[in-house]
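Accompanying notes for the structure given below.
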Amino acid sequence: MRVLFVSHAERTHFLGMVPLAWALRNAGHEVRVASQPELTGVITGAGLTAVPVGADHMLQQLLTHGDSLDPDAPPPFDMAEDRPERLTWEYLRRGYHDELVPWWWRVVNDPMIGELTAFCRHWRPDLVIWEPATYAGAIAAKACGAAHARMMWSLDLFARMRGHYLRVRREQAPHERDAMAEWLGARGAKVGVAFSEDMTTGQFTIDHTPASLRLDVPLPYVPLRYIPYNGTAVVPPWLHVPPVKPRVCLTLGTSATERLDGYSVDVQDILTHLADLDVEVVATLPEKQQAELENVPGNVRLVSFVPLHALAPTCSAVIDHGGPGTVFTVASHGVPQLMAPKLFDEPVLAENLAARGAGLVLHGRDASGPRVREHLLRLLGEPSFAEAAGRLRAEMEAMPTPNELVGELERLTAEHRGRAVS
């Protein structure tokens with residue numbers, strides 16, 4: 001087969017695709033990755049063939065500008081919202097018509113649709129695998145007759161909220177428009193493609209979320225074991241030997257400083273309140289954030305980066321922000337987590353993991369130094385957390401590996417293309 005992976009230029013969304021891309025390539029299939037030019041170095045750094053298409057999106061610039069706009073504007077639409085009393089048509093319409101479609105999905109997709117579609121018509125992939133916000137992949141796949149699938153990087157908030165939107169819209173007057181269908185339909189019409197609902201959810205969805213954490217969404221999911229990949233990495237010498245004290249990792253993700261407005265917790269406050277514990281704290285902070293610390297306790301090792309898949313197995317607990325790449329990497333090694341989530345998928349993912357006993361959650365201002373200390377002592381002192389984290393690890397290890405999934409993808413591609421795979 002020819003398989004094309006598609007992601008708009010967002011590094012963290014792409015990295016989770018790499019193990020499956022290599023499995024397909026190792027099985028003898030042709031694999032390429034299409035994205036906007038900004039991501040080219042990340043793709044080639046993973047040893048994959050990049051296809052730059054279109055222009056870089058300007059989402060970050062627009063978000064930065066938007067922060068300084070009307071202070072009386074309503075709070076941002078919450079894709080994780082699931083309370084029926086909150087899911088009114090007014091709320092959903094505002095979210096889709098005024099925020100998601102014009103300020104997120106159009107911004108990241110429109111600059112790449114034309115060139116991506118032209119490439120697909122030239123290269124003729126059998127299967128297009130797109131990350132869940134890169135709807136350009138679905139348009140291009142339909143334009144060239146390829147099967148297409150989404151590949152999740154976290155909980156499927158996209159499909160759940162789409163289901164809420166369609167359900168509540170059906171209860172309204174017939175003239176109420178569907179902003180997402182209108183946008184995808186208009187972009188598809190330019191390349192001869194009519195809108196269909198699979199353009200929002202894929203013909204099937206590849207998902208590395210274990211069943212115990214997954215949302216209840218009635219779609220065909222294809223499970224895939226999560227294989228951690230952090231990009232190019234070097235294991236430092238101090239990780240060559242086991243720690244002499246219980247090791248605790250503090251990692252708050254890269255997006256907080258690269259894409260957003262900084263950490264949601266006071267790092268100095270946390271480190272200060274962990275200073276008298278008989279543990280080794282490994283804090284992964286960019287050099288700029290390291291320089292802003294007023295003092296570094298003696299039990300803290302500051303590093304700008306260390307591959308989490310190498311660090312996590314040596315830890316007794318991890319303090320993190322609830323980001324999916326971090327959560328799944330740590331969970332795959334059976335380590336309990338203390339999560340301080342901030343936005344989008346982080347709060348619900350953290351709550352789901354904590355509900356299964358594999359960690360604890362502190363939201364917003366609750367994640368102060370004293371509360372982090374208190375909760376960390378629970379993680380380290382109560383065996384039930386490590387036991388639950390071990391059960392979650394076992395569940396993840398029972399999922400099909402990328403190599404094992406290749407045959408199923410061959411079958412599904414043939415099924416959706418209506419022909420046998422040669």
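Rule-based calculations on the coordinates, nothing more; no lab input. On a predicted model such as this, the values are computed, not experimentally measured, just so you know. When we count neighbours, we look across all protein chains shown, and the Cβ atoms used for this are built from the backbone with ideal geometry, even at glycine.
Annotations
- For the range 179-247, the mean projected area of the C-alpha convex hull, equal to one quarter of the hull surface, is 9.3 nm².
- Positive minus negative residues near Gly114 (Lys, Arg vs Asp, Glu; Cβ under 14 Å): +2
- When you count the other C-beta atoms within 10 angstrom of each residue and take the mean per peptide, 44-51, 307-314 line up highest first as 307-314, 44-51.
- Per-peptide average of other Cβ atoms within 10 Å, ordering 231-241, 96-106 highest first: 96-106, 231-241
- Computed [θ] at 222 nm, deg cm²/dmol, the chain (DSSP H ≥ 4; -39,500 (n - 2.57); rounded to nearest 500): -11500 deg cm²/dmol
- Rounded if a/c under 1.5, otherwise prolate or oblate - the range 248-381, Cα gyration tensor axes: rounded
- The range 105-256, relative contact order in percent, only Cα pairs under 8 angstrom and at least six apart counted: 20
- Ranked by how many other beta carbons lie within 10 Å on average, peptides 391-402, 219-230 from highest: 219-230, 391-402
- Global form of the range 1-157, assessed from the alpha-carbon gyration tensor, a/c cut-off 1.5: prolate
- In the chain, the inverse of the mean reciprocal separation of distinct Cα atoms equals 22.6 Å; this is its Kirkwood hydrodynamic radius.
- Under 5 Å from the amide H of Ile319 lie the amide H atoms of Cys249, Leu250, Thr251, Leu338, each residue being 5 or more positions distant or on a separate chain, with H modelled from the backbone and absent for Pro and chain starts.
- Note that the range 70-129 shows a convex hull volume over its alpha carbon atoms of 129 Å³ per residue.
- From the C-alpha gyration tensor of the range 284-343, square roots of 5λ in Å: 21, 14, 11
- For the chain: relative contact order, % (alpha-carbon pairs under 8 angstrom, 6 or more apart): 15
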